[in-house]
Amino acid sequence: MKKIALFGTLLSIFCTVNHLEANDTMNALNTKEQKIVAIAAYTARGDMPNLKTALAEGLDAGLTVNEIKEVLTQLYAYCGFPRSLNALGNYMALLKEREAKGLKDAPGKLPGPLPAGKSIDFGAANQTKLCGAPVRGALFDFAPAIDEYLKAHLFGDIFGRDNLDWRTREIATIAALAAMEGTESQLNSHIRIGKHNGVTDAQAAQILETVKSNTVSAFPRGGEN
């Protein structure tokens with residue numbers, strides 16, 4: 001009887017562990033999403049050699065040319081035009097190299113037309129949907145122009161483009177912000193926004209751990225260019 005009871009206990013533990021491992025697997029970022037994390041992080045850090053490798057791995061994993069181009073373009077809003085332009089130049093050179101080798105990368109979907117109306121109007125609506133509530137605060141009262149730019153350009157002109165879904169855009173944004181110094185407030189906000197748009201706690205943790213292990217450890221904060 002004792003052996004039977006022990007066997008039952010072990011079987012229960014085994015099933016529980018397998019169930020937890022299955023849940024972890026289901027909650028993990030897929031391969032393409034993992035490549036987007038690396039691409040966004042290296043773009044934000046300005047690490048062109050590692051970015052080139054990440055871009056190639058992303059294409060090999062099935063990301064389309066336009067999906068990656070959209071990620072790199074969006075990131076200018078978070079890490080600035082210099083990093084975004086450098087990344088796009090790096091990417092353009094890589095695509096030429098791959099084409100010369102006879103590699104044919106899928107072009108992917110181009111963005112459709114933006115919604116009808118003014119960017120600031122549908123951008124404000126996008127921002128509210130993304131965040132789960134209207135975004136207000138003393139900072140935006142202090143500098144209303146930045147509120148207008150966020151609504152009209154970031155959440156309107158950029159998030160209004162439909163060749164990347166909002167969840168994917170937030171995965172890239174979280175990775176980029178995690179790779180930079182002094183962006184903790186924005187990072188925490190975008191983790192919340194990401195979770196509101198389908199990023200799980202486990203996936204958010206995976207993004208942070210990936211950036212920490214693959215980017216921060218290789219390039220001490222404040223010392224990379």
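The values are calculated or read from the model by the stated rules, or taken from the named source; none is laboratory data. The structure displayed is predicted, hence computed values, not measured ones. Every residue, glycine as well, gets a Cβ built from its backbone with ideal geometry; the counts of neighbours run over all protein chains shown. Heavy atoms of the whole protein, side chains included, go into the accessibility calculation; ligands, DNA and RNA do not. Shrake-Rupley method; radii C 1.70, N 1.55, O 1.52, S 1.80 Å.
Peptides 28-40, 101-113, 172-184, 155-167: what's the order by average Cβ count within 10 Å, highest mean first?
172-184, 28-40, 155-167, 101-113
Please give the length that would be gained between Asp121 and Phe142 if that part of the chain were fully extended, namely 0.36 nm times their separation in residues minus their C-alpha to C-alpha distance (nm, one decimal). Intermediate values should be presented prior to the final figure.
Details: separation 21, 0.36 × 21 = 7.56 nm, distance 2.07 nm.
Fully extending the segment from Asp121 to Phe142 adds 5.5 nm.
Which lysines have a Cα less than 21 Å from the Cα of Lys32, not counting those fewer than 8 places away in the same chain?
Straight-distance partners of Lys32: Lys52, Lys69, Lys104, Lys109, Lys195, Lys212.
So if R0 is 22 Å, what FRET efficiency would Met92 and Thr53 give, r being the distance between their Cβ atoms, rounded to the nearest 0.05?
Working: r = 16 Å, r/R0 = 0.72.
Plugging the Cβ-Cβ distance into 1/(1 + (r/R0)^6) gives 0.85.
So if each residue of separation counts as 0.36 nm, and I subtract the Cα-Cα distance between Asn188 and Lys212, what length gain in nm does that give? The partial results should precede the final answer.
Values: separation 24, 0.36 × 24 = 8.64 nm, distance 1.56 nm.
Contour length minus Cα-Cα distance gives 7.1 nm.
Report, in whole Å, the centroid distance computed from the Cα atoms of segment 168-212 and segment 33-88.
Going from one Cα centre to the other spans 15 Å.
So who's got an amide H within less than 5 Å of the one on Asp162, skipping anything under 5 residues away but keeping other chains? H placed 1.01 Å off N, in plane.
Counting only residues 5 or more places away or on other chains, the set is Gly112.
I need the shape label for segment 97-225. Rule: rounded when a/c is under 1.5, else prolate if a/b > b/c, else oblate, with a, b, c from the alpha carbon gyration tensor.
Working: a/c = 1.84, a/b = 1.17, b/c = 1.57.
Here segment 97-225 falls in the oblate category.
Just to verify a number: FRET efficiency for Leu85 and His153, C-beta to C-beta distance, R0 = 25 Å, to 0.05? Before the final figure, lay out the partial values.
Numbers: r = 17 Å, r/R0 = 0.68.
Approximately 0.90, to the nearest 0.05.
Using a 1.4 angstrom probe, figure out how much accessible area segment 33-78 has per residue, in square angstrom, rounded to the nearest whole.
On the way: 1340 Å² over 46 residues.
For segment 33-78, the per-residue accessible area is 29 Å².
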